[in-house]
Amino acid sequence: MTSASLFFPLKIGPYSLQHRVVMAPLTRMRAGAGNVPNEMAPTYYGQRASAGGLIIAEAAQVTPYGQGYPQTPGIHTPEQVAGWRAVTDAVHAKGGLIFLQLWHVGRSSHSSLLPGGALPVAPSAIAIKTEKSFTPDWESVPYETPRALALSDMPGIVEAYRIGARNALAAGFDGVEVHGANGYLLEQFLHDSSNKRTDAYGGPIENRARLLLEVTAAITHVWGADRVGVRLSPFGTFNDVGDSDPVSLYKYVFTELAHLDVAYLSLIEARGADGTRLGEPGAVDQLHPYWPKPLILAGGFDGASANQAIAEGRADAIAFGRHFIANPDLPGRLQAKVPLNEYNRETFYGGGAAGYVDYPSLGLAVTPDLPTAVQSR
Ligand code: FNR
């Protein structure tokens, strides 16, 4: 039997992907006034859309209190919804699929970014020490000690995600992804280094996972579970998170997300420059048995290692980040095995067209390896 490749079709929820080269969510910090996606965003995403290809749009804050960096787009105002509608139209015009990643950064923020100069919120009043925060003027400053959320605040957090999910539906997305990775609010609750609560949202694993599961359940009520994915970084320590027993924690989380029947899990694993922050390469594999549906893996993949991961059954699809920034036609290039454009880190965050919509495309399209069979696991 031929083993699966990046160019086998894949069913995710109701969607038939024509290949497995997913565009990872990528914060570009180029939103305009009111945190509305800028006028180049439809071009940027449209360039990266492919027939039957899946894009996860950059993280969008579900509330102004969930913003963590200058010029990140939101999904909490009508103007933002209209801005995203132009993006989803551009992707759909090319036959592509696009999910929006829903974001609340929690303590990874700064009062200068938040309405009324409010303090960032977190499970516990513990500041991030190993990273720096940004002001709206892109000044790098130390993180402040956040305000620990009161028990009475928790329904409002879940409601913010629900409204964000509803707005994403209005903006024409095909689904949404819960950002449960990279040290932001939901992971701050999951991990015992950042969550010292003694109420129903802290302590035992079941309590620390409660917010992620409540948020995900609320979103599935808006979208249906088959159009909702969840992104996690089980061994991540970025933004000063980390858990004393990640395997037990994520066995529980995977099992509960399987009960919620969400469409896919997206995991970030240890590879690439920041690999040391995400555990040993392959560490996530021990958790795979607890997840029965499509698994998307990310972290330092190239075409060969991606095909290998899929052939070995480690993943069903691969999310590419940095290579997708620099290669609008990445799926076609990987299939044709032609050289990739190099990415320029200097233009990842902020700025204008340079490094955003000016990477050259060869116009290469993908031909699915098995055009008639839709593979699923
Ligand atoms: C990211 N990453 C990221 N992850 C996420 O879940 N939401 C996001 O908004 C972002 N933003 C972001 C911006 C930039 C500029 C980079 C480089 C990365 C992580 C990203 O999705 C991916 O997991 C990593 O980049 C690893 O994959 P690659 O780049 O090695 O293919």
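The values are calculated or read from the model by the stated rules, or taken from the named source; none is laboratory data. None of the values given here were measured: they were computed from a predicted structure. Cβ coordinates were reconstructed from backbone atoms using ideal geometry, including for glycine residues, and neighbour counts include every protein chain displayed.
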With over 16 Å from I296 (Cβ atoms), touching an Asp or Glu at 6+ places or on another chain (Cβ under 6 Å) and within 16 Å of the ligand (Cβ to nearest atom) as the only criterion, which of T27, T72 stands out?
T27
Note: among S109, S50, just one is more than 16 Å from the ligand (Cβ to nearest atom), surrounded by 18 or more Cβ atoms within 10 Å (Cβ to Cβ), part of a loop (DSSP other than H, G, I, E, B) and of a type in the set (S, T, Y), namely S50
Is one or more of the residues making up segment 179-196 in a loop (DSSP other than H, G, I, E, B) and among the charged types (D, E, K, R)?
yes
Of all residues in segment 300-321, which are within 13 Å of the ligand (Cβ to nearest atom) and crowded, with 17+ Cβ neighbours inside 10 Å?
G300, F301, G303, A306, A309, A315, A317, I318, A319, F320, G321
On the given criteria, is G164 under 17 Å from V230 (Cα atoms), within 16 Å of the ligand (Cβ to nearest atom) and out of contact with any Asp or Glu (no Cβ under 8 Å at 6 or more places or on another chain)?
yes
Determine which single condition D199 fails, assuming it passes every other condition in (1) assigned to a helix (DSSP H, G or I); (2) away from the ligand (no atom under 16 Å from the Cβ); (3) farther than 24 Å from F238 by Cα; (4) touching a Leu at 6+ places or on another chain (Cβ under 7 Å).
(1)
P146 touching a Leu at 6+ places or on another chain (Cβ under 7 Å) and either more than 16 Å from the ligand (Cβ to nearest atom) or under 21 Å from A59 (Cα atoms) (or both)
yes
Find all pairs meeting these conditions: Cβ atoms under 7 angstrom apart; at least six residues apart or on different chains; first residue within segment 11-34 and closer than 16 Å to L97 by Cα and touching a residue at least 40 places away in the same chain (Cβ under 8 Å); second residue of a type in the set (G, A, S) and away from the ligand (no atom under 16 Å from the Cβ).
K11/S376; I12/A263; G13/A263; S16/G52; L17/G52; Q18/A51; Q18/G52; H19/G52
Could you say whether any residue in segment 3-18 is under 20 Å from G175 (Cβ atoms), within 14 Å of the ligand (Cβ to nearest atom) and surrounded by fewer than 24 Cβ atoms within 10 Å (Cβ to Cβ)?
no
Filtered residue count, segment 320-374, keeping only those that are part of a loop (DSSP other than H, G, I, E, B) and either among the aromatic types (F, W, Y) or closer than 22 Å to F7 by Cα (or both):
28
Does G229 qualify as being modelled with pLDDT of 95 or more, in contact with a Phe, Trp or Tyr (Cβ under 9 Å, 6 or more places away or on another chain), over 26 Å from D316 (Cβ atoms) and not in a helix (DSSP H, G or I)?
no
Pick from segment 244-292, criterion of a type outside the set (K, R), at pLDDT below 90 and within 19 Å of the chain's Cα centre (by Cα), ranking: surrounded by the fewest Cβ atoms within 10 Å (Cβ to Cβ):
A273
Restricting to segment 88-114, count the residues that are in contact (Cβ under 8 Å) with a residue 60 or more places away in the chain and either farther than 20 Å from K132 by Cα or acidic (D, E) (or both).
9
Taking L212 and the conditions (1) of a type in the set (A, V, I, L, M); (2) surrounded by 19 or more Cβ atoms within 10 Å (Cβ to Cβ); (3) away from the ligand (no atom under 16 Å from the Cβ), which numbered condition does it fall short on, given that it satisfies the others?
(3)
